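A short write-up of the structure that comes next.
The values are calculated or read from the model by the stated rules, or taken from the named source; none is laboratory data. Just so you know, these numbers come straight off a predicted model, no measurement behind them. We place every Cβ from the backbone using ideal geometry, glycine too, and count neighbours over all the protein chains shown.
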Amino acid sequence: MDKIHPSEITPERLYFSRRKFLAGLGLFAASTVITSACKLGGKEPGPGGFCDSAQAGATTDELGAGLTACNDIINYNNYYEFTLEKTGVAELARDFKTSPWTVEVGGLVKNPRSLTVDELIRKYAPEERIYRLRCVEAWSMVIPWLGFPLGKLLKDVVPDAKAKYVRFTGVHDPKNMPGQQDRYFPWPYIEGLRLDEAMHDLSILATGLYGKPLPVQDGAPIRLVVPWKYGFKSIKDIVRIDLVEDMPDSFWMSASPNEYGFYANVNPEVPHPRWSQSSERRIGEASRRPTLPFNGYGEQVAALYAGMDLRKFF
Amino acid sequence: MRFIRTHGLAVLAHLLALLPLMVLLWDFAQGQLTANPIREVQLRTGKQALLLLMASLACRPFYIITGIRQVLPLRRISGLYAFLYVSLHFLNFLVVDYRFDFPLIREDLFEKRYAVVGFAAFLVLLPLAVTATAGWMRRLGKNWKRLHRLVYLAAVLAIVHFLWQTKIDFRRPLVYGAILVLLLVIRIPAVSEAVSRPRRWLAKRQRGRSAEARPESRFYP
């Protein structure tokens, strides 16, 4: 394989497809056997079981849109720490250990704390929040998270007067996260919020979804959820939360400064430099939906940005 | 046996080019096109179109380097299949994804330069696909070759389309782009001359040798 001939490129891809096709045939044969065997037992094989006992307090969000199927939420993930392939994350994340897990909360605060996720859950009693999640790639979901307001935690550590921003750091574990072995990206994942955004009641730290602890592929054991911003702001697998004076440089700002800004508010009027944000595909639906300003949370959050040019502060 | 010798490569090319479509249909029937099937179809057909277009462009370089003439007819086969996948790609965008919602498409096109470039590539390929028949070849004469040089433009547009729609990891489109540059550079006469020199030298030497070993061949050619 030291020399790749250009004309070999297509055959390789086609061989791969053929292999997949043959694997498919094999799988078909195998699944026929298994399903007939299971019918005898009277039970369908479940995919990992997480969704078997999925539960949510409502079937729609406040706008009447149905929840995204549990199976889609746990099998369609952007999680570059594992892989760039959305459908490959679940498998690669399966054996990732998320317990014990400690979150350091520090920086410009009076009471820096080091808390395990169990302690956080006991202390802040996560509740269900059904939020729309709008990916910058123009697809979206409706997800019943379990979480607690980030502001509660921040109040307890007492930010200094100098603190203006909150910086979140994801775990750096290239040994167990194959995607982090790829030096193309500025690991670890960093995200940030302005302090007033972080204190807003809609901003939560999520520890579960569909009534159960978060699956690894969705950011276990603890992640941020800021529903009026593009999904990449909602950093997964948090290990550090720091109050800081200056605007943090996020993962996406470092990776591509011209295309991803600090605010990243969902805004149909402000396109990504290379694609439109005016509509989106809701996962599970066939037709496109118009994208709503602030992802439909404008009433609650638009005031945070009063007087700001949202084209400039994208 | 003769059929296999004369048509084997072409049959193989047809099968290989159709396989991804079969796999796509299979996965569709099985509901295995991820949680976002429209996007998955778009990604797969686009990738396949680009690969086949590059395969089509790789035939002549392959011939230049190896002297194997039999690959030349594969240009048309892969080119036409590339157009098939491009058409599916375009129809998936127009019909399935945007459902002929022209106001939305127009608005989106202004903000999606990659879509504009992709559409341009489709338009460039359209006359090439139409004139891919022997009849058109005859009718157009010399101009047929000129017209079909547009495939270089289509390939460049396709790479730009690929690059611009990429979210962040530009390595793959850049590798494709580099391969395309190679495939185009080999076509420069001086370069083809240079890369085919070892082959021609080898062939010449072989002829000389066999002539030495079997002098009678000189008498019974």
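Across the stretch A:252-290, the number of residues qualifying as more than 21 Å from A:Tyr76 (Cα to Cα) and more than 7 Å from chain B (Cβ to nearest Cβ) comes to 18. Candidates in the stretch A:235-247 are the residues that are buried (at least 18 other Cβ atoms within 10 Å of the Cβ) and outside any strand (DSSP E or B); of these, the one that is farthest from the other protein chains (Cβ to nearest Cβ) is A:Asp237.
When you look at B:Thr34, is it within 24 Å of A:Ile74 (Cβ to Cβ) and either more than 8 Å from chain A (Cβ to nearest Cβ) or surrounded by 12 or more Cβ atoms within 10 Å (Cβ to Cβ) (or both), yes or no?
yes
Based on what the data block shows, is B:Pro221 at pLDDT below 90, over 16 Å from the mean Cα position of the chain (by Cα) and not in a helix (DSSP H, G or I)? The answer is yes for B:Pro221.
Scan the stretch B:11-21 and give yes if some residue there is within 26 Å of B:Gln165 (Cα to Cα), more than 10 Å from every other protein chain (Cβ to nearest Cβ) and of a type outside the set (A, V, I, L, M), otherwise no. Within the stretch B:11-21 (the criterion being within 26 Å of B:Gln165 (Cα to Cα), more than 10 Å from every other protein chain (Cβ to nearest Cβ) and of a type outside the set (A, V, I, L, M)), the answer is no, since none of the residues qualifies. For the stretch B:94-157, the helices (runs of 4 or more DSSP H) that sit wholly inside it and include 3 or more residues that are away from chain A (no Cβ under 14 Å) are B:113-130, B:134-140, B:142-148. Pairing residues of the stretch B:141-152 that are more than 14 Å from B:Leu126 (Cα to Cα) with residues that are in a helix (DSSP H, G or I) and small (Gly, Ala, Ser), at Cβ distances under 9 Å and at least 6 apart in sequence or on separate chains, gives no pairs at all.
Scanning the stretch A:291-314 for residues that are within 14 Å of another protein chain (Cβ to nearest Cβ) and among the hydroxyl-bearing types (Ser, Thr, Tyr) turns up just one, A:Thr291.
With the structure loaded, tell me whether B:Gly141 is surrounded by 13 or more Cβ atoms within 10 Å (Cβ to Cβ) and among the small types (Gly, Ala, Ser) or whether it fails that test. Taking the combined requirement at face value, the residue does not satisfy it. Can you find a residue that is in contact with a Cys (Cβ under 9 Å, 6 or more places away or on another chain), crowded, with 18+ Cβ neighbours inside 10 Å and either within 26 Å of A:Glu104 (Cβ to Cβ) or in contact (Cβ under 8 Å) with a residue 24 or more places away in the chain (or both) anywhere in the stretch A:266-286? Within the stretch A:266-286, one or more residues are in contact with a Cys (Cβ under 9 Å, 6 or more places away or on another chain), crowded, with 18+ Cβ neighbours inside 10 Å and either within 26 Å of A:Glu104 (Cβ to Cβ) or in contact (Cβ under 8 Å) with a residue 24 or more places away in the chain (or both).
Let's see how each residue does on (1) within 30 Å of A:Gly284 (Cα to Cα); (2) more than 14 Å from chain B (Cβ to nearest Cβ); (3) outside any strand (DSSP E or B):
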| site | (1), (2), (3) |
| --- | --- |
| A:Gly106 | no, yes, no |
| A:Glu119 | no, yes, yes |
| A:Arg122 | no, yes, yes |
| A:Ile130 | yes, yes, no |
| A:Leu146 | yes, yes, no |
| A:Lys155 | no, yes, yes |
| A:Pro188 | no, yes, yes |
| A:Asp196 | no, yes, yes |
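Only one of the numbered conditions (1) assigned to a helix (DSSP H, G or I); (2) in contact with a strand residue (DSSP E or B) (Cβ under 8 Å, 6 or more places away or on another chain) is violated by A:Glu91, and that is (2). The number of residues in the stretch A:156-172 being free of Cβ contacts under 8 Å to residues at least 60 places away in the same chain and either among the acidic types (Asp, Glu) or surrounded by 18 or more Cβ atoms within 10 Å (Cβ to Cβ) (or both) comes to 1.
Scanning the stretch B:52-66 for residues that are buried (at least 19 other Cβ atoms within 10 Å of the Cβ), touching a helix residue (DSSP H, G or I) at 6+ places or on another chain (Cβ under 6 Å), touching a residue at least 12 places away in the same chain (Cβ under 8 Å) and not hydroxyl-bearing (Ser, Thr, Tyr) returns B:Leu52, B:Leu53, B:Ala55, B:Leu57, B:Ala58, B:Cys59, B:Pro61.
The condition (being more than 16 Å from A:His200 (Cα to Cα) and not in a loop (DSSP other than H, G, I, E, B)) is satisfied by just one residue among A:Glu280, A:Glu285, A:Glu259, A:Glu269: A:Glu280. Here B:Val86 meets each of (1) closer than 23 Å to B:His14 by Cα; (2) free of Cβ contacts under 8 Å to residues at least 12 places away in the same chain with one exception, condition (2). Total residues in the stretch A:88-104 satisfying the condition of being within 14 Å of chain B (Cβ to nearest Cβ) and either over 19 Å from B:Leu43 (Cβ atoms) or surrounded by fewer than 17 Cβ atoms within 10 Å (Cβ to Cβ) (or both): the figure is 1.
None of A:Met253, A:Met177, A:Met199 is surrounded by 17 or more Cβ atoms within 10 Å (Cβ to Cβ) and either more than 27 Å from B:Thr166 (Cβ to Cβ) or hydroxyl-bearing (Ser, Thr, Tyr) (or both) except A:Met199.
Among the residues of the stretch A:289-303 satisfying the criterion of being crowded, with 17+ Cβ neighbours inside 10 Å and touching a helix residue (DSSP H, G or I) at 6+ places or on another chain (Cβ under 7 Å), which is farthest from A:Lys229 (Cα to Cα)? Ranking the candidates gives A:Val301 first. Condition check: hydrophobic (A, V, I, L, M, F, W, C), away from chain A (no Cβ under 11 Å), in a helix (DSSP H, G or I) and under 15 Å from the mean Cα position of the chain (by Cα). Does B:Val191 satisfy that? It is false that B:Val191 is hydrophobic (A, V, I, L, M, F, W, C), away from chain A (no Cβ under 11 Å), in a helix (DSSP H, G or I) and under 15 Å from the mean Cα position of the chain (by Cα).
Is it true that A:Arg183 is within 14 Å of chain B (Cβ to nearest Cβ) and basic (Lys, Arg)? The answer is yes for A:Arg183.
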